[in-house]
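What follows is one structure encoded as structure tokens, with my remarks underneath.
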Amino acid sequence: MKLKLEVQKSQLTMGLLNVVAIIGAVVVVIAISSTISGVSLEKSFSTFLKYTVGSSSGILYVLKRTTPLILASLGLAIAFKSGFWNIGAEGQIAIGAITTTGVCLFLGLPDLVAVVLAFILSFVIAGLYSGVSGFLKVKWDVNDIVVTMMMNFIALALFHYLISGPWFWQQSGAVGLYSRTAPIPEGMRFPFISPPLSSAFIMALAFIFIVYFLMKKSVLGYQLRVVGDNITAAVCQGINVKRIFTLGAILSGGLCGLAGMSLVLGEFFRMQAGITGNYGFFAIPIAIFCRNEPLLVPFGSFLVAIIIEGTLSLTTLGMPSALSEVLLGILFLVVFFPELVGWVKKRRKKA
Amino acid sequence: MIDIISSILSYFPVIGLAALGGLIGQKAGVYNIAVEGIMMAGAAGGLYGYFISGSLWMGLLVGFLWGAFFGALLSLLTVNWKLNQIVIGFTLWFLAEGLGKFLYPILLPGSFKVPERFGYLFGFDYVFYITVALFVATVIIFRWTKQGLAIHVSGESPEVADIAGINVFRVRWICNVIGAGLMGMAGAYLADHVLQGFNYTMIAGYGWVAFAIVLFGRFSPIGVLLGSLFFSSLIGIQTRLQVAGALFLPSEFMVVIPHIGVVLVLAIIGILGKKSGIPSALGVPYKRE
């Protein structure tokens, strides 16, 4: 079977234009912020490159960050395609991480069984967590943006409660208090491809194709797209809108839950403060930027991972840590640059 | 007694101003989901305004201007260039929140604290009265003036507005700028008066609560006022109980009581099937033929 990207040629040029504009924006913003912070341009650019694409260990770190971004963005791509504004990915990642940790640490199962169960349960529970919002939206027209956002706060509260309360673990003889759980047993962890990159990355790559086939080749994917495009048409075709929409919401949350699982079993090997790392929020613009195309998601995630990892390295030079947020904000404005060019052209034609 | 009420309502200007800003912009037909970020930018601006001038009013003004700047950006992108309002909202949320957090440590010393507060009158501070006055003014404008009607029609059916000689673009621009300005002012008040300093998690979802209140109040100023009173008291009671050490829940859960409240209230309103009152053209860019 041949994979097909459903983008037209004009869109492809637009995509290229996007990438050029993004690189330009990154360069300009770093230049400005290093001037403000009094760091030499050469030093900040060389640091940025060294910790991202300029060295083999840098690339591994970037790919490690790409893993949860791919999974969460795929989840959001499904949601956005079916018309569900799921911005609760951060909370769903937290729920996935909680479920995985709970299954692996406290059930006392054999390694393989625990991992399989953690995989299934983190998908299902995070899926249901998002499914509730989807169901409220489609059944009673409750605003999905607000509800999913509020569910973020609730899930993160549960997360922080668990790591500082019932699941808190103190290494014997260790000094200082860290809010974290006990480590996951060795046998349940994703094996490393080459440290720090674990095989969770391969799982993420596999899901790109799974989601691609789901959305492009399956009946369910077709139904999801119709529901997202035109509800009236969906009803006329006899699609059970409520069921399909809720199912889409569940799948979307489930993938975000797997992102949480990949963080626990593939990167941190425990639950600790801050492991969700705002990936759920970064995933929103990635999905939008990739126009909800599963095959574009890895590239968008890679780009954003470079920016996160690179700006993190810049904070060691004394630049503010919010740099990544500013950069991403500007980046997503720049994403609309091609639309802008199109708009100006149209205007000229009219005049 | 008045002490208790005023301390419970200490978050009312924060929530009220932000929700009122959201109401004004959305009534004219443009979603503004960047509230959370605009409040963060406003907070940094508010502290900077106080830092350079030593006047709290200057802080509010700078917060307002910062907000208005993002309102103008929102208008440019969604009203003139007709880009998707929700996507642009996310973008501006990131940008505004990032700029707030980014500029604060550059412009101000790290541990900057505001040493004073707004003056009090009968137990409530001046901004509390200003917020109430702004609500009253909004009710009057929406109900009895030509301008209020123009805003209403721009949100409900811009085509009709256009035929009636109303400049829909200008109405939406003005409403966005004023609305976002009020959100920035809410952030400035939160930083200058309530917290008297800055931290990276200070907005804590209040922007989203304000956004939800507009839905909760079904796009009427009085509904939004009641919603703001209700949710700001939830926040106030929650902080008061935490300070007093009266924890009937772990503190992590106390903090999210308002957020849980929003989900429950919106779900109940939805299930009861109350009319949402959403302006028909909300979220739809107006294109002139």
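With contacts taken as Cα pairs under 8 Å and at least 6 residues apart, chain B reaches a relative contact order of 37 percent. Rolling a 1.4 Å sphere over the protein heavy atoms, what is the accessible area per residue of the range A:69-188, to the nearest Å²? Heavy-atom accessible area per residue stands at 36 Å². Restricting the calculation to Cα atoms, every distinct pair contributes to the Kirkwood radius of the protein assembly as shown, found to be 25.5 Å. Counting Cβ atoms of other protein chains within 10 Å of each residue's Cβ and taking the mean over peptide B:99-107 gives 5. Given Cβ point charges of +1 (Lys, Arg) and -1 (Asp, Glu) and nothing else, what value in debye, to the nearest 20, does the dipole of chain A about its Cα centre take? Roughly 1260 debye, rounded to the nearest 20.
Residue separation times 0.36 nm, minus the C-alpha to C-alpha distance between B:Arg117 and B:Ile268: what's the value? Gain on stretching B:Arg117 to B:Ile268: 50.5 nm. Centre-to-centre separation between the Cα atoms of the range B:268-289 and those of the range A:133-179: 31 Å. About the centre of its Cα atoms, the range A:74-189 shows a dipole size close to 100 debye [charges on the beta carbon of Lys, Arg (+1) and Asp, Glu (-1) only; nearest 20 debye]. Considering only B:Ile257, B:Pro279, B:Leu225, the residue lying farthest towards the positive end of the dipole of the range B:193-289 is B:Pro279, judged by Cα position with unit charges set on Cβ. When only alpha carbons are used to place a centre, the range B:240-263 and the range A:274-307 end up 33 Å from one another. Partner shielding of B:267-275 amounts to 3, given as the average count of beta-carbon atoms from other chains within 10 Å of each residue beta-carbon. Among the GluC sites (Glu not before Pro) in the range B:112-171, those located in a DSSP loop and surrounded by at most 15 other Cβ atoms within 10 Å of their own Cβ are B:Glu116. Couplings for the range B:255-263, taken from phi via the Karplus curve 6.51 cos²θ - 1.76 cosθ + 1.60 with θ = phi - 60°, read 4, 9, 3, x, 5, 5, x, 4, 4 Hz in order; Gly and Pro are left as x.
A Förster radius of 41 Å combined with the Cβ-Cβ distance from B:Phe51 to B:Leu149 puts the calculated FRET efficiency at roughly 0.45. A loss of 20 Å² or more of accessible area (1.4 Å probe, protein heavy atoms, ligands and nucleic acids excluded) relative to the isolated chain is seen in these residues of the range A:71-96: A:Trp85, A:Ile87. Please give the helix B:85-107 orientation as an angle from the longest Cα principal axis of chain B, in degrees from 0 to 90, rounded to the nearest 10. Long axis of B:85-107 versus the principal axis of chain B: about 40 degrees.
Karplus-based coupling profile of the range A:102-111, in residue order and whole Hz: x, 5, 6, 8, 10, 9, x, 8, x, 3, with θ = phi - 60° in 6.51 cos²θ - 1.76 cosθ + 1.60 and x standing for Gly or Pro.
Looking at the range A:93-143, none of the chymotrypsin sites (Phe, Trp or Tyr not before Pro) sits in a DSSP loop with at most 11 other Cβ atoms within 10 Å of its own Cβ. Rounded if a/c is under 1.5, else prolate if a/b is larger than b/c, else oblate: which is chain A, with a ≥ b ≥ c the root eigenvalues of its Cα gyration tensor? Since a/c reaches 1.5 but b/c is at least a/b, the shape of chain A is classed as oblate. With the charge dipole of the range A:145-248 set up from +1 on Lys and Arg Cβ and -1 on Asp and Glu Cβ about the Cα centre, the Cα lying farthest toward the positive end among the listed residues A:Met149, A:Phe201, A:Ile231 is that of A:Ile231. Between A:Ile239, A:Ile184, A:Ile307, the residue with the greatest mean-square fluctuation in the GNM of chain A (Cα pairs under 10 Å linked by springs) is A:Ile239. Springs between Cα atoms under 10 Å define the GNM used for chain A, and in it the highest mean-square fluctuation of A:Ser301, A:Ser55, A:Ser313 occurs at A:Ser55. Distances between placed amide hydrogens fall under 5 Å for A:Arg180 paired with A:Trp169, all partners being 5 or more residues away or on another chain.
Per-residue mean of foreign Cβ neighbours for A:148-159 is 6 (Cβ atoms of other chains, 10 Å radius). Comparing mean-square fluctuations of A:Thr67, A:Thr47, A:Thr101 from a GNM of chain A with C-alpha springs under 10 Å, the top value falls on A:Thr47. Given +1 at the Cβ of Lys and Arg, -1 at the Cβ of Asp and Glu and no other charges, the dipole of the protein assembly as shown around its Cα centre is 1740 debye to the nearest 20. Put simply, chains B and A cover up around 3700 Å² of each other's accessible surface, both sides summed, when a 1.4 Å probe is used. Taking the Cα atoms only, what angle lies between the long axis of helix B:168-189 and the longest principal axis of chain B, rounded to 10 degrees? Once rounded, the angle reads 0 degrees.
Farthest towards the positive end of the charge dipole of the protein assembly as shown, among the residues B:Ala28, B:Ile140, A:Val27, is the Cα of B:Ala28, using unit charges on the Cβ of Lys, Arg, Asp and Glu. Close amide-amide hydrogen proximity is noted between A:Ile193 and A:Ser198, A:Ser199, each under 5 Å apart and 5 or more residues distant or on a separate chain (H modeled in the peptide plane; Pro and chain starts excluded).
Among the chymotrypsin sites (Phe, Trp or Tyr not before Pro) found in the range B:113-144, those both in a DSSP coil and sparsely packed, with 14 or fewer other Cβ atoms within 10 Å of their Cβ, are B:Phe122.
Keeping all protein chains in place, calculate the accessible area per residue for the range B:146-256 (probe 1.4 angstrom), answer in Å².
For the range B:146-256, the per-residue accessible area is 39 Å².
The values are calculated or read from the model by the stated rules, or taken from the named source; none is laboratory data. Being a predicted model, the structure only gives us computed values, none of them experimental. Methodologically, a virtual Cβ is constructed for each residue, glycine included, from the backbone with ideal geometry; neighbour enumeration extends over all protein chains shown. Just the protein is used for accessible areas: all its heavy atoms, side chains included, with ligands, DNA and RNA removed. Shrake-Rupley method; radii C 1.70, N 1.55, O 1.52, S 1.80 Å.
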